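Since the structure comes first, as structure tokens, the remarks are kept for the end.
The values are calculated or read from the model by the stated rules, or taken from the named source; none is laboratory data. What you see is a predicted model; the values in this text were computed from it and never measured. Using ideal geometry, Cβ is built from the backbone for each residue, glycine included, and neighbour counts are taken over all protein chains shown. Surface accessibility is based on the protein's heavy atoms, side chains included, excluding ligands, DNA and RNA. Shrake-Rupley method; radii C 1.70, N 1.55, O 1.52, S 1.80 Å.
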Amino acid sequence: VFTNSARQSTNNAYVKADFTHIAPKVAGFINKVLVEDNQSVKAGDLIAQIDDHDFQVALQAATANLTVAEAQAAQSLAQLTEQKSIIQQAHAAVQVAQAEQAFAQQELKRHQHLADEGAGSRQDAQQAQAQIQISQANLLKAQAVLAAAKNQVEVLNAKVTAAQGAKLQAEAQVARAQ
């Protein structure tokens, strides 16, 4: 059954071939295939081009997010700087309230002395007493505003930290999109 023919045949033949599965690192539509069937390729050879439109859009979105994050970080820093001025204003308001209280106490002494001497009315002394209570309330209010302004610094520091973290995250998104 041996023949000298150039053609061979068999009833139980199979084809053996090496196949390699290829998976992209990124998903997308193939724009162009750069190899032919059964063409030999080496590691690192470019075999296909992926449409980059989706990636360009993602890069633009990441860049926009970075711009927003940078603006929020700058705004937070500006608010922190502004808060320092608010604290100075609150300090000044406390000093004004303290001066008003000291003046009200002096007025009360003067009116009480005049009333005791018979040269002033009790009504003036009572008004001076009421003014002390008003000035005390104003002082407490000014001190509370100062305390709140100082406490706001911690809130703003946390906001600055969060904005800086968002900026770093946006920078990472831009780097990933590139």
Exercise. Are there any pairs, at least 6 apart or on different chains, whose C-beta atoms fall under 9 Å, with the first in segment 21-47 and outside any loop (DSSP other than H, G, I, E, B) and the second modelled with pLDDT of 85 or more and open to solvent by 70 Å² or more (accessible area, probe 1.4 Å), and if so, which?
Worked result: Ile30/Gln49; Asn31/Gln49; Lys32/Gln49; Val33/Gln49
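Report yes if Val68 is part of a helix (DSSP H, G or I), of a type in the set (Val, Ile, Thr) and farther than 30 Å from Gly28 by Cα, otherwise no.
Numbers: part of a helix (DSSP H, G or I): yes; of a type in the set (Val, Ile, Thr): yes; farther than 30 Å from Gly28 by Cα: no.
No; evaluated as a whole, the condition is false for this residue.
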Problem set entry | Residue satisfying condition, being surrounded by fewer than 12 Cβ atoms within 10 Å (Cβ to Cβ), among the aliphatic types (A, V, I, L, M) and within 51 Å of the chain's Cα centre (by Cα), within set Val33, Val15, Val96 | Val33
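Out of Ala130, Ala175, Ala162, report the one residue that is assigned to a helix (DSSP H, G or I) and open to solvent by less than 60 Å² (accessible area, probe 1.4 Å).
Working: Ala175 fails: open to solvent by less than 60 Å² (accessible area, probe 1.4 Å); Ala162 fails: open to solvent by less than 60 Å² (accessible area, probe 1.4 Å).
Within the list Ala130, Ala175, Ala162, the selection yields Ala130.
Mind checking whether some residue in segment 134-149 is closer than 30 Å to Leu168 by Cα, surrounded by 15 or more Cβ atoms within 10 Å (Cβ to Cβ) and of a type in the set (A, V, I, L, M, F, W, C)?
Within segment 134-149, one or more residues are closer than 30 Å to Leu168 by Cα, surrounded by 15 or more Cβ atoms within 10 Å (Cβ to Cβ) and of a type in the set (A, V, I, L, M, F, W, C).
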